[in-house]
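In what follows, a structure is listed as structure tokens, so that the remarks can point back to it.
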């Protein structure tokens, strides 16, 4: 049994296939980012899924593409944790989620700029063979532009500074607990504050046609273009692919802003795991 995982900070998608590429089962856990949680929490989240636990001794190989796995130290943390859980696995491959995004959207020998827009954000250039990332992410506090957590933070700030239009403020209060103490507990006392902020992205997407929300979205997209995409000199020559829920649900807005910057959108996938399955079947088994 071969197990594939695409893990963001919020959730992880899992698919098991056999040596012929047939799907055996699929599952979902909370995210397994080593930057956000420790080994014990990773194991706890794996043990919460009966289908994964039931099959863990049958797994011979694991392909794990995850947020927070950009350094060798972080990869080793995840690798050792997975090895402890899937004790019979002969091979465990751990790569940053950016690699999963590339393999899901961009065929080998093809060139593209590949972006992740989910709870967090990232951007890399794939030259057909190697992944080139000019700037390493410093996480949600300093980077993650145009991500779910940044859009959520902008929305909360607009509400708290009382510049959010009244009709949106009332609607927000009906759907979320906007008490200041509650917000601060989630940001400063509880784990995964980035994931908490990203829950507000749902409101952004559902109200994206409102003029005020459009301004938030367009500002974040332009920042992402300026700081992430335009760092690559050939950005106007290759397609720009997106992975993640934000990239998927804001595809029209992304396409418009990219066009205004003489850039062209490529593929926008909500769940990279489906593209990853095709890649693993074609090139890894």
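Every number in this text was worked out from the coordinates using simple rules, so none of it is lab data. Because the structure is predicted, anything quoted here is derived from the model rather than measured. Reconstructed Cβ throughout: ideal geometry from the backbone, glycine too, with neighbour counts over all protein chains shown.
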Modelled FRET efficiency - R0 30 Å, residue 80 with residue 202, Cβ distances, 0.05 increments: 0.30
Over the stretch 55-177, equivalent-ellipsoid semi-axes from the Cα gyration tensor in Å: 35, 21, 13
Volume per residue of the C-alpha convex hull in the stretch 115-267, rounded to whole Å³: 109
Alpha-carbon Debye profile of the chain, log10 I(q)/I(0) at 0.14 Å⁻¹: -1.02
Sorted by Cβ neighbour density within 10 Å, fewest at the top, the residues 172, 46, 276: 172, 46, 276
Per-residue Cβ neighbour rank within 10 angstrom, fewest leading, 119, 106, 71: 71, 106, 119
Cα-projected label distance for residue 129 with residue 109, points at 7 Å along beta-carbon direction, nm: 1.3
Estimated 222 nm signal from helices in the chain, with DSSP H stretches of n ≥ 4 weighted -39500 (n - 2.57), rounded to 500: -13000 deg cm²/dmol
Kirkwood Rh and Cα Rg combined as Rg/Rh, the stretch 180-285: 1.05
Euclidean distance between Cα centres, the stretch 99-127 to the stretch 189-209, Å: 23
Cα centroid separation, the stretch 235-256 to the stretch 1-20 (Å): 24
